[in-house]
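Okay, so here's the structure we're looking at.
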Ligand code: ATP
C-alpha cells in the first residue's frame, strides 16, 4: 500500500468550546480508535464542526483536552498535528493544475519536485484522477474537485483525516458514488477518519461508529446498527431513520408512565377496525383503532399515516407505518387497527427522553 498513514487514535476529554457566551461544545468526552471511521452526526448548530475543528487545531478549546496518538495536542499548531482537513468547499487553487494542487502540501514541506510529483500521481491514481492531472479545477465536475481535495489530503499521509460535510455540494447520484469511494479509501489507507455530517444516510452507510450530537453534547456513540436498533434517547430515535421512529405518549400503546417508540416497519396495519379505545380505562396493548390520513406510494414501499383514536386527553398522535409495496394498502379515511408488537417497543422516560432500561421496564420501575 503506497499510502499507509501512521495510525493514531483520538481522545477527547471534557472538551468544551464557548463563543461569547454560546456553548457550542459542552463537556464532550469521546475516544476514536485507530482506523475508526467515526461520524459526528447531528442537526445544524449542534456543535459538530466546532468539535472537528478542535481536533484539527483550527479552534482552541475553552476547556478540556485533545490527544492524538496518546499525545496531548492542545498547544500543537494545526500543521504539526498530523491531521488533514477536507471541507465542503474544496478550497482548491483555481489557477493551479490538479497535479499542482495535489502536490501543494508537499511543496510547502519542502519535498523535492520529482518525489512530490510521484506522490501526487499515486494519490491521483488512488482516486481515479490520473487523466485530469493537467486540468484546472474550473474544468472539473464537483465530484472530481472533491476528489482532488481528498488527494491533496492523502499526500500529506496524515494520521487522522477530518472531513466537514465533504459531499454536501454534490448531487444525489454523485453523493452515493462518492460515499462508496470514501469507504473504499478508508479501508485502503488504514487511517482514522472523523467525518461531520447532518445526513443520517451518510452516517449509516459509511461510519464504523456514529456519535449523535445534540446541543453541544453527545447523546449516543455506537455502531450505526446499535444507534438504529437501540437508541439511547427520543432525540436519537427520531434523528436516525426515515421516516423517524414513532414516539407515542404514555398510555396509548401500553399501560405505563413511559413514552413508547416503534419504528414504522414494525407497525402492522390491520384493515379491520378495532373497537374504539377512547375513554377506556383498560387500553388494550398492541391493538389501537386509527383512521388513515395519508398514503404515500414510494414504489418499493408504502407509508401509511394513521391518526390514533385514543387521545387520552393528549394531542392525538399520528403513527407512520411502513408497508411492503406488494401488500394491499388501505385508502385515505379508512378505519384500521394498528398493532405494535411488544418485542419492537422502545420505552423512554417522559421527563428526560432517555431510554428506559429494559429490566427496569419489566419490573415497572
Ligand atoms: P452546521 O451543520 O450548521 O455547520 P454544526 O453542528 O457544525 O452546524 P457549529 O458550526 O459547530 O455547528 O456551531 C455550533 C454553535 O456554535 C452554533 O450555535 C454556532 O452559531 C456557534 N458558533 C460556531 N462558530 C462560532 C463563532 N466563530 N463565533 C460565534 N459562534 C459560533
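The values are calculated or read from the model by the stated rules, or taken from the named source; none is laboratory data. Not measured: the values here are computed from a predicted model. Because the Cβ atoms are built from the backbone with ideal geometry, glycine has one as well, and the counts that use them run over all protein chains shown.
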Does residue 104 qualify as being within 15 Å of the ligand (Cβ to nearest atom) and at pLDDT below 95? no
Please work out if residue 337 is closer than 27 Å to residue 232 by Cβ, surrounded by 17 or more Cβ atoms within 10 Å (Cβ to Cβ) and either more than 30 Å from the chain's Cα centre (by Cα) or modelled with pLDDT under 95 (or both). no
Give the residue that is farthest from the ligand (Cβ to nearest atom), with candidates limited to residues of segment 1-17 that are at pLDDT 95 or above and touching a helix residue (DSSP H, G or I) at 6+ places or on another chain (Cβ under 8 Å). 10
Scan segment 201-209 and tell me whether some residue there is assigned by TED's automatic domain parsing to the domain that holds residue 151, within 16 Å of the ligand (Cβ to nearest atom) and over 9 Å from the mean Cα position of the chain (by Cα). no
Output for Cβ contacts, cut-off 6 Å, separation at least six or different chains, first residue modelled with pLDDT under 95 in segment 18-36, second surrounded by fewer than 17 Cβ atoms within 10 Å (Cβ to Cβ), reads 34/7; 35/7; 35/190
Can you tell me which of (1) within 16 Å of the ligand (Cβ to nearest atom); (2) under 14 Å from residue 192 (Cβ atoms); (3) surrounded by 22 or more Cβ atoms within 10 Å (Cβ to Cβ) is the one residue 84 doesn't meet? (1)
Is there a residue being touching a strand residue (DSSP E or B) at 6+ places or on another chain (Cβ under 7 Å) and in the same structural domain as residue 33 (by TED's automatic domain parsing) anywhere in segment 97-104? no
Only one of (1) touching a residue at least 40 places away in the same chain (Cβ under 8 Å); (2) away from the ligand (no atom under 12 Å from the Cβ); (3) surrounded by 17 or more Cβ atoms within 10 Å (Cβ to Cβ) does not apply to residue 41, and that is (2)
